[in-house]
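This report refers to the structure that appears directly beneath it.
A short reminder: the numbers here are calculations on the coordinates, not readings from a lab. The structure presented is a predicted model; accordingly, all values stated were derived computationally and were not measured. Neighbour counts run over all protein chains shown; Cβ positions are idealised from the backbone, glycine included.
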Amino acid sequence: MQILKNISNIMILRVNLDTPPLSRKKYSAIFGQSITTTGEPSTEIIEILTIIAPRSTQGFLTQIHNDVAEIFHGKNDIFINNFLKYHDFWHTMDVVLAVVRFLHGFYLKGVTFSQDIIELCLLTSYFHDIGLLLTKEEVEKKDTACLKHHEQRSIHVLHEYMKKNNCLLQHKNDCAAIINCTNLSIEPTTLRFSSPETQLVGHILGSADLLAQMANRYYLESLDLLYQEQCEIGLATHHSLLELLRQTTQFYNKVVTPRLQNSFNNICNAVCDHFQHWWDIDSNLYLELTVRNITYLEDVIRTHDEGKKEFQELLHRKRENLKIQEV
């Protein structure tokens, strides 16, 4: 695999806030289609993989997608149907779509990926949050404390899946480092990878996990779901939704931005080439929409603090969930 040299110099931060906001229809076309109404990966995911990957990768995608969907829907012997309001199958698929877009952006820059690296990207993106699901035994015992270290649970479940299906076992150790790139309590630069290629996979997943959710049109409204989720599983670190909203702006400035720019070397800007080629938009839409969300959130909090309006009045978008047929 060819790796871009001096990647931090090439990936200069590109956010264009002078462009008009996306229309609701355009946004839905670009960001609301990570999964079809029949529960399959979006056409964009499939078409990109057809371009950048060997044909056999399509079968790999179908298998892993169906297997993980069944796990989230409780159609397995271990986990119950996912009850989480924020970290649901939609979030997983939004991350998968972002990861594939990143890969396409690199492809357009002339970076070629081997089949196992592409499949490693798919595997880790599908399984990165699987550890947030509860087993039947844990539900009976009302044990949710185990979810505090859900990344390690995700790694364990993924390792078991790899052994059972005899897939990518040569990358078993790398999977831990890659998924830990989504663990905000770990500095990615301290993680050990077997090669620059697998390190890039980790940086792609870590970047995609942050931006896929924060660029979401309904991200700010979804923070209420995140707060409810944290309270329900006993992992709340905020005393109220308002406190979570206030700390979200700090989280972006003090955690997300340094992580994207420094820890992950700004590799997220490879997706600019994808949006230019696929959607004829010259911007890193993930970053642009994230910045717009945070800027609006700052205005919401300021308006609330000045006593002009309650913050709830300014966060009123409702996500239009598609009705997904069960897999």
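When every alpha-carbon pair in region 192-319 is counted, what percent end up more than 16 Å apart?
68 percent
How much length is gained on full extension from Q247 to K75, taking 0.36 nm per residue of separation minus their Cα-Cα distance?
58.2 nm
Which whole-Hz ³J(HN,Hα) couplings does region 243-251 yield from phi under the Karplus relation 6.51 cos²θ - 1.76 cosθ + 1.60, θ = phi - 60°, glycine and proline marked x?
These are the phi-based 3J(HN,Hα) values: 5, 4, 4, 4, 6, 5, 5, 5, 4 Hz.
What pairs in K75/K164; K148/K172; K85/K136; K172/K254 have C-alpha atoms more than 26 Å from each other? Could the numbers behind the result be given before it?
Details: K75/K164 17 Å; K148/K172 23 Å; K85/K136 19 Å; K172/K254 32 Å.
In this structure, K172/K254 exceed 26 Å between Cα atoms.
In percent, how large is the relative contact order of region 107-219, given Cα pairs closer than 8 Å and 6 or more residues apart?
25 percent
Could you identify which residue out of L158, L133, L184 has the top mean-square fluctuation in a GNM of the chain using Cα springs shorter than 10 Å?
L184
If packing is taken as the mean number of other Cβ atoms within 10 Å per residue, what is the order of 99-109, 245-255, highest first?
Numbers: 99-109: 24.0, 245-255: 15.4.
In decreasing order of mean packing, 99-109, 245-255 become 99-109, 245-255.
At most 16 other C-beta atoms within 10 Å and a DSSP loop state: those are the exposed GluC sites (Glu not before Pro) I care about. Give me the longest piece of the chain that has none.
With a cap of 16 other Cβ atoms within 10 Å, the longest stretch comes to 1-305.
Counting alpha carbon pairs within less than 8 Å and at least 6 residues apart, what relative contact order, in whole percent, applies to the chain?
This gives 25 percent for the chain.
Give me the net charge of P41's neighbourhood, meaning all other residues with Cβ under 12 Å from the Cβ of P41; Lys, Arg count +1, Asp, Glu -1.
Net of charged neighbours comes to -4.
Label 7 Å along Cα→Cβ of E47; region 101-124 residues with amide nitrogen under 14 Å?
101
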